[in-house]
Structure formats: structure tokens, C-alpha cells
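J.: Before anything else, here's the structure in question.
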Amino acid sequence: MDQIESLPAALAQELKAIVGERGFVDVPAEKAPFEVDWRDQWHGKSALVLKPATTDEVSRIVKALAAAGVGIVPQGGNTSLCGGSVPDESGTQVIVNLSRMNKVRAIDPDNNTMTVEAGCVLANLQAEADKHDRLFPLSLAAEGSCEIGGNLSTNAGGTGVLRYGNTRELVLGLEVVLPDGEVWNGLRGLRKDNTGYDLKHLFIGAEGTLGIITAAVMKLFPKPRSRATAIVALDDPRAAVSLLSWLRKACGDRVTGFELMSRLCIELVIRHIPGQRDPFREPHPWYLLVELSDSTEGTVLSELLEGALGEAASDALLRDAVIAASEAQRLALWSIRENIPESQKVDGVSVKHDVSVPVSLVPQLIERATERLAARFPDVRIVAFGHVGDGNVHYNCSKAQAQDAKAFFAQAPEVNRIVYDTVHELGGSISAEHGLGILKRDEIKHYKGALELELMRKVKRALDPKGIMNPGKVLD
């Protein structure tokens, strides 16, 4: 796509007239927060930041920018981990931030759906569902700042995938502004609609490269009336996979959370996050955070979990377990898991990987990758954690000393190749829930076939022939 050097004054005024003073940001200092990701890894420069308040405003913005051939970077809470929500360094792209579009348009408790705008913060949607005695199950560490439009555009996963599925499984309908500014209204709350191509799935996970999601119809579920939560000490990830099969047989679909954490994860959280403490008296190599949930009330779940873990201990599937005796204890256990990313950020730089393999092969992934990295990089630290119940491991690598960590980070391409090659040979994916963005745009060429990549490019060219939607992301 041919980029212009700067926005013509007439175009800037047209855009300002669309969004008004409140939605028009052209002062460099005020644009700056929108031009960098939350990890401070990706920095860009935008011509403007626009903050529309309605779908009509988004449509008019896109029509104007498309006519001028200007690149558009859709943005929500800007919590992307792969650079997908920041502009390039040219200063010619326009950020369209949807945070002002934060209305819940409708809730239909009998249909178990809510229609929401893209700028709604995830935690607010969880709270809104709760007000109506329903559950919106999407949950992840950034839920206090990430927005549903970004969750949709990256097909976010989170801690509830084992029972409820990825974001893709939680969507019934979408409203999307297409690259020519036309609005596709697919806001249908139907669970059965066999009338041709299911177009919404083109845009979910596309990272804003095919259009701008402005609203969605999301599924709701019965609100859990009881939960049982435990942290379990294990010898290794193989025991985790065995315990998952054991618990699913004993507890069925009540198994909602199943989060794996290495000992180093626990140590980092205790060291860097105030108020955290070790749930066990002595250290163990690996840990699982297990949660059951159900719509029935009472202590049945706690008794079920205690019994299942007791039997598992008798079969030597676990070392020890602590079951939360109160809601405060439950939240304290979850706080350990949720603070792992922040503790890593405080600790220093690391080479991060969001990968997935079949659940049965999670142990092989961790074992093989760790062995290969240690052979090439002595004293490498592996911070491994994640949603082992769906095969998604956050496999992060660093060194203990700050100076060594910086030197190690400079060798990220070689580190990535070792990890990604291991993932690939196990039939996995180099991006489980964070997307490709800029970070993995070129890496994916090593692992997707030429035909698959060309099919993706054909879809991109068909919907966005001018190449203006989030240019430089996902595909080259």
C-alpha cells in the first residue's frame, strides 16, 4: 500500500468533524499512550488518534480514510502482547480507538445473550452479566483493562476455555465496519443458522486486518452457585495430565479451571507482588490450580473435590493439596496464578512464548524445549505456566541476573526457533491465544504451508484490496 507522508489538512478537519473534540487526538504527548503497548515492547507513531462513539462514526471514518488510502490501526484496551494494536513508525497511520463505544446494548436472560459494543471492558461485562444472575465466562489476567473488541479480534482464551471454549465459542453475532466503510450487521442471537458461510468467524481472530468489530452478541451461562478450588503440588507436568483425566472422570464438566505453574512462577510472585505467600510449607516442583463450579448450592463440590484429590493422592498422582475454605482463600489462590505475568514484568526481560500442543503432549513440550534450550543456553530459567487443560502453555525464558537476561533477550530469534520447532514437531501452534501481530508475522511462514498462507492472503485481498486495515500485522 502506498502511504502518504502526512494527512492533508482537509482530511484531518473532516475526521475531526466526525468525532468531535473529545474524539480527536493530534497532540504528540496525548497520542503517545496509544502508540506503545503495555509491555513497552512495541513503539510506533500515528498521524492521529480517533475515538469514535458510535458505529456510524466508525463507518464514516473508515470511508474517509479508505478514499485517501490511509492505513487504519483498530485499537481497544491496547493490551496486545504481539504488537497488533500499535501503529508502525511511519507516522502516517491513524489509530481508531474504540474505548468510547462501551455500551451494553441489550441483555436477553431467557436467550442467555448480551449485545455489547467493542469498547466494553471485559471485567465490566462480567459484572453486568452477574447483575442479571448470569455468567460471562471469558476471564484473563488483563480483564480489568482489555476490551471485548480486542478479545474478539485475537480470539482470546483465558482460564475458562476448558469448560466454555475460546472467545470464538462465545460469539453468536457480530457488527463489523468493513474496509470500505460499509457496515455488516450480523448481530443475530441465534444458535442455529445454517444459511451459508458463517461470516463472523472471518473477523474473530483476524486482529483487525479484515475490518473493525464494533459490537457483538455474546453467550451467557447460568451463574455458578458454588465453587471448589484447590492448589495441588505435583512432581511434574506428566502428573498434571494424568490428574486432569482423573478429575474429569470423577467430576465431569464441573472442572472449570486447570492451571499449571512451575515452582519458579510461585517464587517470582512471592518475591515481586506484595501480600502474596506460599500456600505450602515446603516447595514443590510443580503446581496446579484446580477449580470446580456448578449451578447448585451447598458443599457438594468441596466434598467432591476433596474426595477426588484424596483418591488421586492414594494413587500417587499428587504430592499435597490445599483446598480453599473460604472465598477469600479462593481469591488468594487465584491471585498467585493471575499475578505471574506482572511478576515477570517486574523481574526483568524475558523471551515469551504463547504456544499450544495437544493436551497429552504438554509434558513432552516442556521437557524437550527445556532440554534443548539448556544445551544451548546454560543456566536458562524456564517460567512455564498456563491452561494445561486446553494444551496452552506460556513458556517463557530468561536468565537470573539482569545483565545476563538482557544479553539473552538479544538472542530471542534463536530461542524462538528452538521453542517453535519443538512445538511444530509436536503438531502444535506458535500462537495459542495472543495472535500473530507483528511479533510472529514472519515466524508463521516457517510453520504454515504455502497454500494455507495464500488462502489467508486471498481473503485479505478480497475484503481489503487497498491493504489499509492494520497493515503489517498477521500477514506481510
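J.: Name the residues in segment 75-107 that are assigned to a strand (DSSP E or B), crowded, with 20+ Cβ neighbours inside 10 Å and touching a helix residue (DSSP H, G or I) at 6+ places or on another chain (Cβ under 9 Å), would you?
T.: Those that are assigned to a strand (DSSP E or B), crowded, with 20+ Cβ neighbours inside 10 Å and touching a helix residue (DSSP H, G or I) at 6+ places or on another chain (Cβ under 9 Å): Gln75, Val94, Ile95, Val96, Asn97.
J.: OK, next. Determine, yes or no, whether Pro274 is exposed (fewer than 15 other Cβ atoms within 10 Å of the Cβ), without any contact (Cβ under 8 Å) to a residue 60 or more places away in the chain and in the same structural domain as Pro237 (by TED's automatic domain parsing).
T.: The answer is yes for Pro274.
J.: OK, next. Pick from segment 154-205 the residues that are surrounded by fewer than 23 Cβ atoms within 10 Å (Cβ to Cβ) and among the hydroxyl-bearing types (Ser, Thr, Tyr): which of them is nearest to the chain's Cα centre (by Cα)?
T.: Per the criteria, the residue is Tyr164.
J.: Give the number of residues within segment 414-462 that are assigned to a helix (DSSP H, G or I), within 18 Å of Thr154 (Cβ to Cβ) and aliphatic (A, V, I, L, M).
T.: Within segment 414-462, residues that are assigned to a helix (DSSP H, G or I), within 18 Å of Thr154 (Cβ to Cβ) and aliphatic (A, V, I, L, M) number 3.
J.: Take the residues in segment 391-419 that are aliphatic (A, V, I, L, M) and over 29 Å from Leu244 (Cα atoms); name whichever of them is surrounded by the most Cβ atoms within 10 Å (Cβ to Cβ).
T.: The selected residue is Val415.
J.: I want to confirm something. Restricting to segment 250-266 and keeping residues that are in a helix (DSSP H, G or I) and touching a helix residue (DSSP H, G or I) at 6+ places or on another chain (Cβ under 9 Å), which single residue is surrounded by the fewest Cβ atoms within 10 Å (Cβ to Cβ)?
T.: The qualifying residue surrounded by the fewest Cβ atoms within 10 Å (Cβ to Cβ) is Asp253.
J.: What number goes with the only condition from (1) aliphatic (A, V, I, L, M); (2) in contact with an Asp or Glu (Cβ under 6 Å, 6 or more places away or on another chain); (3) over 15 Å from Val171 (Cβ atoms) that Leu247 does not pass?
T.: The single condition Leu247 does not satisfy is (2).
J.: Looking only at segment 34-74, count how many residues are surrounded by fewer than 19 Cβ atoms within 10 Å (Cβ to Cβ), in a strand (DSSP E or B) and of a type outside the set (A, V, I, L, M, F, W, C).
T.: 1
J.: Something else about it: Cβ-Cβ distance below 7 Å, separation of 6 or more or different chains: which pairs start in segment 345-374 with a residue that is under 26 Å from Trp246 (Cα atoms) and small (Gly, Ala, Ser) and end on one that is modelled with pLDDT of 95 or more and in a helix (DSSP H, G or I)?
T.: Every condition considered, the pairs that remain are Ser360/Val241.
J.: Let me ask something else about it. Looking only at residues in segment 363-397 that are modelled with pLDDT of 95 or more, among the small types (Gly, Ala, Ser) and assigned to a helix (DSSP H, G or I), which one is nearest to Arg337 (Cα to Cα)?
T.: Ala369
For (1) free of Cβ contacts under 8 Å to residues at least 24 places away in the same chain; (2) closer than 12 Å to Met218 by Cα; (3) in a loop (DSSP other than H, G, I, E, B), each residue gets a yes or a no:
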residue	(1), (2), (3)
Asn111	no, yes, yes
Leu125	no, yes, no
Leu138	no, yes, yes
Ala142	no, no, yes
Gly150	no, no, no
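The values are calculated or read from the model by the stated rules, or taken from the named source; none is laboratory data. All values derive from a computational prediction rather than experimental measurement. Here Cβ is always computed from backbone atoms with ideal geometry, including for glycine, and neighbour counts include all displayed protein chains.
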